[in-house]
Amino acid sequence: MRARYGVPLGIAAAGAAGLLYSAGFEARSFRLRRVTVPVLPAGMRPLRVLQVSDIHMVCGQRKKQRWLRSLAGLRPDFVINTGDNLSDTEGVPEVLDALGPLMEFPGAYVFGSNDYYGPKLRNPARYLVEKAQGKYGLNGNPPAVGAIHNPWEAMRDGFDAAGWQNLTNTRGQLKIDGVSIELTGLDDPHIKRDRYDEVAGGPSGAADFSMGVVHAPYLRVLDAFTADGYPLILAGHTHGGQLCIPFYGALVTNCDLDTDRVKGLSRHTAEGRTSYLHVSAGCGANRYTPFRFACPPEATLLTLVERA
């Protein structure tokens, strides 16, 4: 019996242990990453930017809510929320409560597909199939049938009431101790709501510093921001690969970005220009796949400093 069943049972036990670890421990092991980015003009003081992304709030996630509230203790200069706040149609009040202390600071936001639509149960292997086919979200795939509509308007109204800038295919501006920061944002490319032609043209020149913000880091968006001369682009969406292989990394990004840049700071080049790109691995997961492996949930404190 040991010869016939020992190895399969051992594999099954290891798989079960991995699922318990990834859902019960790692998915709740929240981290703060700190990154320094040399993008500011000479003579400008450093700016501390807190990026939160992919919260995917499900009602009752108290530990996640406490952790998000605690981030206000970092005292950032401003906050950028790169979308996918919801994974529960009833989750808006808990998102607003968890982000309440952070909304005391200047900030801005874009939405992702999961802010507009509720998640559906799907086979995780679909992400590998989509990678092989080069089709993601509504980019090459047919429209979803029977999509659940989230009450995103209430979340938008809560963010707006706190003074956060809505960057849905538009520009916004923050004033931080006399420093003007121009923010150019897009709606989610994953569901083809991005309209770059409405914000094209690059930094206006009226601000001390400009940056781009988007939920999903699709190459068409990164190319446009970079070619227009934005020194920094912030994005989320990828979950850092979510289920990664130790010492190897992510298998998928859920968009056409390469896995080498699935999370963290990297560079992007287009039309002879180069921008810094920061992709947050986010701090949540779809309620139907509440697992993370070799990719803990995170927020990032970016310190922007003078260019070399």
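The values are calculated or read from the model by the stated rules, or taken from the named source; none is laboratory data. For clarity, every value in this text was computed on a predicted model and none was experimentally measured. Quick reminder, even Gly has a Cβ in these numbers, built from the backbone with ideal geometry, and neighbours come from all protein chains shown. Heavy atoms of the whole protein, side chains included, go into the accessibility calculation; ligands, DNA and RNA do not. Shrake-Rupley method; radii C 1.70, N 1.55, O 1.52, S 1.80 Å.
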Please enumerate the residues belonging to the stretch 251-274 that are assigned to a strand (DSSP E or B), of a type in the set (Gly, Ala, Ser) and under 13 Å from Asp223 (Cβ atoms).
Ala270
Against the conditions (1) modelled with pLDDT of 95 or more; (2) open to solvent by less than 50 Å² (accessible area, probe 1.4 Å); (3) touching a Phe, Trp or Tyr at 6+ places or on another chain (Cβ under 6 Å), where does Trp152 fall short? Just the number, please.
(2)
Determine if the stretch 280-289 includes at least one residue that is without any contact (Cβ under 8 Å) to a residue 12 or more places away in the chain, in contact with a Ser or Thr (Cβ under 8 Å, 6 or more places away or on another chain), of a type in the set (D, E, K, R) and surrounded by fewer than 24 Cβ atoms within 10 Å (Cβ to Cβ).
no
What number of residues within the stretch 138-150 are farther than 15 Å from Pro119 by Cβ and in contact with a Gly (Cβ under 9 Å, 6 or more places away or on another chain)?
1
Flag if Val145 is open to solvent by 30 Å² or more (accessible area, probe 1.4 Å) and either over 23 Å from Leu243 (Cα atoms) or assigned to a loop (DSSP other than H, G, I, E, B) (or both):
yes
Counted residues in the stretch 275-284 being more than 17 Å from Arg220 (Cβ to Cβ) and either in contact with a Pro (Cβ under 8 Å, 6 or more places away or on another chain) or part of a strand (DSSP E or B) (or both) come to 6
Condition (residue is within 17 Å of the chain's Cα centre (by Cα), under 21 Å from Thr36 (Cα atoms) and not polar (S, T, N, Q)) applied to the stretch 162-181: is it met by at least one residue?
no
Every residue from the stretch 17-39 that is within 20 Å of the chain's Cα centre (by Cα), over 21 Å from Ala207 (Cβ atoms) and either modelled with pLDDT of 95 or more or assigned to a loop (DSSP other than H, G, I, E, B) (or both):
Ser29, Phe30, Arg31, Leu32, Arg33, Arg34, Val35, Thr36
So, in the stretch 276-308, of the ones that are under 11 Å from the mean Cα position of the chain (by Cα) and of a type in the set (Ser, Thr, Tyr), which residue ends up nearest to Ser53 (Cα to Cα)?
Ser280
Among the strands (runs of 3 or more DSSP E) confined wholly to the stretch 159-244, which include 2 or more residues that are more than 18 Å from Pro106 (Cα to Cα)?
232-235
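This table checks each residue for (1) among the aromatic types (Phe, Trp, Tyr); (2) out of contact with any Ser or Thr (no Cβ under 6 Å at 6 or more places or on another chain); (3) within 25 Å of Leu47 (Cα to Cα).
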position	(1), (2), (3)
Ser210	no, yes, yes
Pro217	no, yes, yes
Ala227	no, yes, yes
Ile233	no, no, yes
His237	no, yes, yes
Ile245	no, yes, no
Tyr248	yes, yes, no
Ala270	no, no, no
Leu277	no, no, yes
Top-ranked residue in the stretch 158-204 [being of a type in the set (A, V, I, L, M) and within 13 Å of His215 (Cα to Cα); ranked as surrounded by the fewest Cβ atoms within 10 Å (Cβ to Cβ)]
Ile191
